Amino acid sequence: MAKGDSEKHKAATKLVSGGRREELTGGSVVNPPVWRASTHLYPDVAALEAGKKADDERSFFYGRRGSPTQWSLEEALTALEPGAHGTMLYPSGAAAINCALLSVLRPGDVLLMTDNAYDPSRSFADGFLKNLGIETRYFDPLIGAGISELFCEKTRAILLESPGSLTFEIADIPAICSAAKAHRGRREIVTLLDNTWATPLFFTAIEKGVDMTILAATKYVVGHSDVMIGSVTTHKRWWKKLRNSARQLGQVVSPDDAYLAARGLRTMSVRLRAQEAVALEIAHWLAEHDEVGMVLHPALPDCPGHEIWKRDFAGSSGLFAFTIRGSKAKAAAFVDALELFGIGYSWGGYESLALPVHPERDRTANPWTNPDAVIRLNIGLEDVDDLKADLASGFAAARELP
Ligand SMILES: *Cc1c(COP(=O)(O)O)cnc(C)c1O
């Protein structure tokens, strides 16, 4: 374990000191530098053979197994999840989700997936997994302990996302994980959570019963909208399966990207707290607008699962949505009128973004029937009054339409 990963410290402290590996820092460098290599030279054949046999996760063997720069980030991420044993890195959040699923699923299995899951996770299940003979069944994000009624002999895994990144329902993760653990089937049921919205700062997933917790680190960990990277953190029971399948699938992240993600991680708590505060102020301000139907923000009472958010989460991040009354065309007019909010995918960076989103296109278990247009906001680090003035110009433009 790297220096600074002490269990006794609070999360913000772990962000600062986690993953400070001796061979990278020599005890004298604060920020672990980039360690680039594919090939490692051994002093002799005996050492080469010993290296292979030891299969030590933490001694340099070959570049595809990572280098101290990647391990430093892995250790820093693991330290944030009480009860976790290890973390694997992947070249994107999507790769992290898909490889985690492939590490537990076999042909003939049934995967249960929350109906508000990230759209590429659905495509992977409906395309790639289906072709492997794995069936996916979608369920209501608010199902809670009722999920046990969906279990069958073939159920192998549950993919959760809470809140959903378009509609923001909060799932009862502890109840779903308890139901999975209580199930006495042929094989146990593995729970996987896409925890990108909350990060381990606001939701400590392993401690709450999740087996594998996944981050699109592209978002809040990196925080600067310039790197693609994903992670999966798990406890001891699933660690070897996760690690071996990542290796078999040839997953590796460049040390430069790992370095940038580790650098972003250092300031994640201040960024998240600042983005949380501005997002809350804007969400409450939006809720007062006549044009606004619903504000879909887990910390606001309108949001389905709000009570569970209060019970389980330590905070709310900077991503939420709201509905705008009237024709769907209003959403495009609103977003086009904004100057500070960029129009772009992804989120979690320091810049604000706005997008019309279409939850009705991706739901099958419980259709999204709200007829109003939905706009999703990523709140960045700009001044709150400037952001409100920008949104006011969006409302002015939308008012021009019926
Ligand atoms: C962006 C995102 C992902 C995928 O991450 P990438 O790094 O873009 O592949 C997964 N889940 C959620 C909730 C996301 O927002």
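The values are calculated or read from the model by the stated rules, or taken from the named source; none is laboratory data. Note that the coordinates shown come from a computational prediction; the quantities given were computed from them, not determined experimentally. Neighbour counts run over all protein chains shown; Cβ positions are idealised from the backbone, glycine included.
Here are the numbers:
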quantity	calculated
Long-range neighbours under 9 Å by Cβ, at least six apart or interchain, first residue at positive phi within the stretch 204-226, second of a type in the set (F, W, Y) and more than 9 Å from the ligand (Cβ to nearest atom)	G223/Y350; S225/Y350
Residue count for the stretch 14-29, restricted to those that are under 24 Å from T199 (Cα atoms), out of contact with any strand residue (DSSP E or B) (no Cβ under 8 Å at 6 or more places or on another chain) and not in a helix (DSSP H, G or I)	2
So A205, is it among the small types (G, A, S) and in a loop (DSSP other than H, G, I, E, B)	yes
Cβ-Cβ under 7 Å pairs, at least 6 apart or on other chains, the stretch 182-200 side assigned by TED's automatic domain parsing to the domain that holds L215 and in contact (Cβ under 8 Å) with a residue 40 or more places away in the chain, far side of a type in the set (K, R) and assigned to a loop (DSSP other than H, G, I, E, B)	T196/K219
Test: residue in the stretch 239-260 that is over 21 Å from P33 (Cα atoms), within 12 Å of the ligand (Cβ to nearest atom) and surrounded by 20 or more Cβ atoms within 10 Å (Cβ to Cβ)	no
Output for the stretch 358-389, where each listed residue is within 22 Å of the chain's Cα centre (by Cα), modelled with pLDDT of 95 or more and surrounded by fewer than 18 Cβ atoms within 10 Å (Cβ to Cβ)	L381
Qualifying position, being more than 26 Å from H9 (Cα to Cα), surrounded by fewer than 20 Cβ atoms within 10 Å (Cβ to Cβ), of a type outside the set (F, W, Y) and away from the ligand (no atom under 12 Å from the Cβ), among R64, R58	R64
Every residue from the stretch 245-256 that is part of a helix (DSSP H, G or I) and touching a residue at least 40 places away in the same chain (Cβ under 8 Å)	S245, A246, R247, P255, D256
Qualifying residue in the stretch 144-164 (condition: among the acidic types (D, E) and buried (at least 21 other Cβ atoms within 10 Å of the Cβ))	yes
In the stretch 338-357, residue nearest to the ligand (Cβ to nearest atom) [restricted to those that are surrounded by fewer than 20 Cβ atoms within 10 Å (Cβ to Cβ) and touching a residue at least 60 places away in the same chain (Cβ under 8 Å)]	S346
The stretch 179-220, subset basic (K, R), modelled with pLDDT of 95 or more and over 30 Å from E351 (Cβ atoms), residue surrounded by the fewest Cβ atoms within 10 Å (Cβ to Cβ)	K181
